[in-house]
Amino acid sequence: MDRLAIIGGRPLYGDIPISGAKNSAIKVMVATLLSEEKVSLSNVPDLADVRQLMRLLENHGTIAERDGNRLSLHTPKITSRVAPYDIVRKMRASFNVLGPLLAREEEAKVSLPGGCAIGARPVDLHLKALEALGAKIELDEGYVIASAKGGLKGAEISFPFVSVGATEHTMLAAVLAQGKTVLQNAAREPEIADLADCLNAMGAKIKGAGRSTIEIDGVTSLGSVAHSVLPDRIETGAYAMAVGIAGGEVILTNARTELLGAALSSLRETGLEIEDSERGLRVKKNGKKLQAVDIVTQPFPGFPTDLQALFMAMMTTAEGTSSIKETIFENRYMHAPELARMGADIHIDGQLATVRGKDRLKGAPVMATDLRASMSLVIAGLGAEGQTMVSRLYHLDRGFENLASKLQNVGALVERVPETD
């Protein structure tokens, strides 16, 4: 297993291409189960999660072909209604095949999910929404067994709290339900609008995606489509913060400011210069120390929880004291002890983290605990004195395409090295 060796202290200059959004790609891939016709997807990142989902789709009968960042997915017939534990446990989002299988086949058996250990993240909202659409749900030995004889029926569903996963999953099921479905208190993330755009191009009738009320008029079938996945806003924020801690000036090609929400204003408040350019976003650190900024994670358009760990890493060398409040997940500060190994001054009190900026971190061996936390350690390493060695790279491989080469191309001293005993 590889580790990532980083020699910090070098500013970054040049272009970093922003890949397609992982969180969008895996949902539109699942959506292809709803159609008997071929679907072509472009701007799909080559990530461990994408490859894992391709394996699951093939288990259900999908014929999958990859050519660079293009995927061709064709499921003329569902050959298995069972999503097994050994596949689903590796990636939480694969649980979302339940809705499409149920909508198309009227029954499904799907393992309860795995994924990053950042809190309980129960699937209760998913199952209650499917029950509202007429599904009968049973739990048996770690599997969800669902049936909807005669098909799913439209319903009015009000989520008790905003959930991206439940919103997307319910959309995936409701597009083939009979009648109209209305989702209240729906999540508004850009990836939800991207999924709706793909489904609508396939023949679905979805209005309001990206707003808190979504209306879905069920159709009897979906067709083919060629869809391009939107740029990854989390990767955009990650590389902007890399410049924030290391210094320099980069163009994040293909990136879009409107996808960043509140993160954009928070980054600018630190002193980072971020401007639109013809090729994406220009990010520049003007030579001064960044200023400490307080953030609270919230559903979009608020500050995204997926950037919280990364922002904390950047704040470890900012001038002043920043407070970070995590309101989405109850166990998402596991990166803090690893940052402390590098000299960071971080105090955790429940949901609140207080970060006192220091002149510089010092490189150390650190261990990734989940996908986004692993990138926070990379960012910290880029700004640290000496060598940082990040282990458990399989977390990074799940969500950041060609990370080492992208950083090398802008001057970072970063290299994947084999694990040693």
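Residue 189 meets the conditions (1) of a type in the set (Asp, Glu); (2) under 29 Å from residue 43 (Cβ atoms); (3) surrounded by fewer than 19 Cβ atoms within 10 Å (Cβ to Cβ) in every case but one. The failed one is (3). Those residues that are small (Gly, Ala, Ser), within 23 Å of residue 88 (Cβ to Cβ) and not in a loop (DSSP other than H, G, I, E, B), I need them from segment 21-46; list them, please. Listed by number, the residues that qualify are 24, 25, 31, 35. When we screen 306, 276 for residues that are under 30 Å from residue 166 (Cα atoms) and of a type in the set (Asp, Glu), the only hit is 306. Checked against (1) without any contact (Cβ under 8 Å) to a residue 24 or more places away in the chain; (2) touching a Leu at 6+ places or on another chain (Cβ under 8 Å), residue 264 passes all but condition (2).
Taken over segment 227-241, the criterion of being of a type outside the set (A, V, I, L, M) and either part of a helix (DSSP H, G or I) or under 18 Å from the mean Cα position of the chain (by Cα) (or both) is satisfied by 228, 231, 232, 233, 235, 236, 237, 239. For segment 319-347, the set of residues classified as surrounded by fewer than 18 Cβ atoms within 10 Å (Cβ to Cβ) and assigned to a strand (DSSP E or B) consists of 319, 321, 323, 325, 345, 347, listed by residue number. Taking strands (runs of 3 or more DSSP E) as the structural unit, those lying wholly within segment 242-318 and holding at least 2 residues that are crowded, with 18+ Cβ neighbours inside 10 Å correspond to 248-253, 280-285.
Where strands (runs of 3 or more DSSP E) fall entirely within segment 47-164, those with at least 1 residues that are without any contact (Cβ under 8 Å) to a residue 24 or more places away in the chain, assigned by TED's automatic domain parsing to the domain that holds residue 192 and among the basic types (Lys, Arg) are at 63-67, 136-140. Is it fair to say residue 388 is in a strand (DSSP E or B), in contact with an Asp or Glu (Cβ under 9 Å, 6 or more places away or on another chain), at pLDDT 95 or above and not basic (Lys, Arg)? Judged against the criteria, residue 388 is not a match.
Restricting the first member to segment 231-257 and to residues that are farther than 22 Å from residue 381 by Cα, and the second to residues that are among the aliphatic types (A, V, I, L, M) and surrounded by fewer than 24 Cβ atoms within 10 Å (Cβ to Cβ), the beta-carbon pairs closer than 6 Å and six or more apart or on different chains are 257/264. Residue count for segment 13-27 under the criterion of being touching a strand residue (DSSP E or B) at 6+ places or on another chain (Cβ under 6 Å) and buried (at least 24 other Cβ atoms within 10 Å of the Cβ): the result is 2. Among the residues making up segment 78-95, those that are at pLDDT 85 or above and farther than 14 Å from residue 50 by Cβ are 78, 79, 80, 81, 82, 83, 84, 85, 86, 88, 95. Any residue that is farther than 18 Å from residue 104 by Cα and assigned to a helix (DSSP H, G or I) - is there at least one of those in segment 181-190? Yes, segment 181-190 contains a residue that is farther than 18 Å from residue 104 by Cα and assigned to a helix (DSSP H, G or I).
The values are calculated or read from the model by the stated rules, or taken from the named source; none is laboratory data. Being a predicted model, the structure only gives us computed values, none of them experimental. A quick note on method: Cβ atoms are made from the backbone with ideal geometry, for glycine too, and the neighbour counts reach across all protein chains shown.
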